[in-house]
1. Can we say Leu79 is in a helix (DSSP H, G or I) and in contact with a Ser or Thr (Cβ under 8 Å, 6 or more places away or on another chain)?
2. Just one of (1) at pLDDT below 95; (2) assigned to a strand (DSSP E or B) trips up Glu44, so point out which.
3. Of the residues in segment 80-108, how many are farther than 20 Å from Leu58 by Cα and either buried (at least 18 other Cβ atoms within 10 Å of the Cβ) or in contact with a helix residue (DSSP H, G or I) (Cβ under 9 Å, 6 or more places away or on another chain) (or both)?
4. Mind counting the residues in segment 1-32 that are part of a helix (DSSP H, G or I) and either β-branched (Val, Ile, Thr) or in contact (Cβ under 8 Å) with a residue 60 or more places away in the chain (or both)?
5. Looking only at segment 35-56, decide whether some residue is in contact with a strand residue (DSSP E or B) (Cβ under 8 Å, 6 or more places away or on another chain) and aliphatic (A, V, I, L, M).
6. Please list, ordered by first then second residue, the pairs with beta carbon atoms under 7 Å, 6 or more apart or interchain, first in segment 78-99 and free of Cβ contacts under 8 Å to residues at least 24 places away in the same chain and closer than 29 Å to Cys68 by Cα, second part of a strand (DSSP E or B) and more than 16 Å from the ligand (Cβ to nearest atom).
7. May I ask you to verify whether Phe123 is touching a strand residue (DSSP E or B) at 6+ places or on another chain (Cβ under 9 Å), among the aromatic types (Phe, Trp, Tyr), more than 9 Å from the ligand (Cβ to nearest atom) and not in a helix (DSSP H, G or I)?
8. Test of understanding: among Arg102, Arg86, which residue is within 17 Å of Ala10 (Cα to Cα) and of a type in the set (Lys, Arg)?
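The values are calculated or read from the model by the stated rules, or taken from the named source; none is laboratory data. The shown structure was predicted, so the numbers you read here are calculated from the model rather than taken from an experiment. When we count neighbours, we look across all protein chains shown, and the Cβ atoms used for this are built from the backbone with ideal geometry, even at glycine.
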Amino acid sequence: MTRVSVRTSAGLDVTIRPAAEDDYEALHAAFAALVLADEGYPHEPGPLLYEEFAHYWLENKSLVAVGCVGRQLAGSYHLTPNFLGRASHIGNGGYFVLPEWRGKGIGTALVTHSLGAARKLGFDAMQFNLVRETNPARQLYERLGFEIVGRIPDAVGGEAGIIYWRRLT
Ligand SMILES: CC(C)(COP(=O)(O)OP(=O)(O)OC[C@H]1O[C@@H](n2cnc3c(N)ncnc32)[C@H](O)[C@@H]1OP(=O)(O)O)[C@@H](O)C(=O)NCCC(=O)NCCS
C-alpha cells in the first residue's frame, strides 16, 4: 500500500498510509481511550496495556493503516483474514477515528480505502463479526454496501452484535 491523500466529504485532506513504528504510541493512546470510554469494541472498559493493544491491533495483521491530518493521527484501520483456510478469502477490518476528528468523513474515507486495500491483498469479501447494535458506524457500513447477515443477541453487556458482510468483487 502506498500513501494517498483523500479529501473527505467535509473538505478535509487526510493522508492514508501504512502505520509505522513511530505511530504506535499515539495509536495505543487513542485506542486505550476508546476502550476506557467503552466505544465500539468489546474490551472490558478500563486501562489497556500497550501489549494488549499491540496484540489486538498490530500483530499478525495483513495491513495496519493510519489516517492523518497534517502530522496528527486522526484514525486507523487494520485488515486481517476473518477465517482460516478456504474461507480466508473473506477479510475482516477494524476502524476508529479519534473523537475530535469524528463526523468529518474520515471514518468513511478509512473504510472506503480499506475496501480497495483488501481487494489488493486478495480478499474478495469483507465481514465484521460484532458491530454493537447502537454503534453509529452501522450507518456508515450500510451506506458503503454492507448487509446484515446475522444478529447475536446479548453479545456485549446485554447489547446485541450485528454481523455485516459484503462482496468486494
Ligand atoms: C465509527 C467511526 C469510525 C466513524 O468515524 P467518523 O469519522 O465519525 O465517520 P464519518 O464522519 O465518515 O461518518 C460517521 C457517521 O456518523 C455521523 N456523525 C456526525 N457527527 C458525528 C460525530 N460527532 N461523531 C460520530 N459520528 C458523527 C455522520 O453524519 C455519519 O453518518 P452517515 O454515515 O449517515 O453520513 C467513529 O465514530 C469511531 O471511531 N467510533 C468509535 C470506534 C468504533 O466504534 N469503531 C467501529 C467498531 S465496529
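1. No; evaluated as a whole, the condition is false for this residue.
2. (2)
3. Here the count works out to 6.
4. The qualifying residues number 2.
5. no
6. Matching pairs, first to second residue: His78/Leu63.
7. Yes: the conditions hold for Phe123.
8. Unique residue meeting the criteria: Arg102.
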